[in-house]
Amino acid sequence: MKKRLFLDMDGTLAEWKTVPLDELYQEGYFYNLKGQANLIRAVKAVSRNCREWLELYILSCYLPKSAFALEEKADWCRKKLPEIPMSNYIFVPFGKRKESYVPGIVRKDDILLDDYTPNLLSWQGTGIKCLNGINHSRKTWKGRYIDISWSPEKIADKITEACGTV
């Protein structure tokens, strides 16, 4: 059975922007988010180099009352990470627990790469915090982490190391 790596989108794969709430509901908001280039390159490398034993998923929350969020997030993922099949996109209604939407159960060797500490703390597998320049101000996460300012090679190495040692 392959190990599984679950990747958050907002603040992790895509740049997080603090905006007025109504802007999140506007057409084009999610589709036009800037990708975290170093992390996306790292994920592409991990996908190429680890496909024999690692399956990649998108695990991201969406605003269920938005007419655009769900479709735009899926389109963004198809554009930025076509290596991940659409069947591995898991979009969770905002306010729900991500692990409740994982196929089957969260296994001990499942990895979550996320920028939001509460998601990582409730995860039953291994968590990797994505430091994105605006989070981790309280330093509450004590586990594994990557920083989007690192080179794609360093990020890929850290992800692969976490996946290989759980």
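The values are calculated or read from the model by the stated rules, or taken from the named source; none is laboratory data. All values derive from a computational prediction rather than experimental measurement. Reconstructed Cβ throughout: ideal geometry from the backbone, glycine too, with neighbour counts over all protein chains shown. Note: areas computed on protein heavy atoms with side chains; ligands, DNA, RNA excluded. Shrake-Rupley method; radii C 1.70, N 1.55, O 1.52, S 1.80 Å.
A compact table of results
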quantity	calculated
Residue that is of a type outside the set (G, A, S) and open to solvent by 90 Å² or more (accessible area, probe 1.4 Å), where the choices are R138, R107, R144	R138
Checklist (1) closer than 22 Å to K2 by Cβ; (2) modelled with pLDDT of 95 or more applied to W76, failing item	(1)
Single condition E72 does not satisfy, out of (1) within 22 Å of V46 (Cβ to Cβ); (2) open to solvent by less than 30 Å² (accessible area, probe 1.4 Å); (3) in a helix (DSSP H, G or I)	(1)
Count of residues meeting criterion [within 14 Å of K3 (Cβ to Cβ) and either polar (S, T, N, Q) or more than 16 Å from the chain's Cα centre (by Cα) (or both)] in segment 83-102	1
Qualifying residue in segment 45-59 (condition: surrounded by fewer than 16 Cβ atoms within 10 Å (Cβ to Cβ), in contact (Cβ under 8 Å) with a residue 40 or more places away in the chain and under 21 Å from C130 (Cβ atoms))	yes
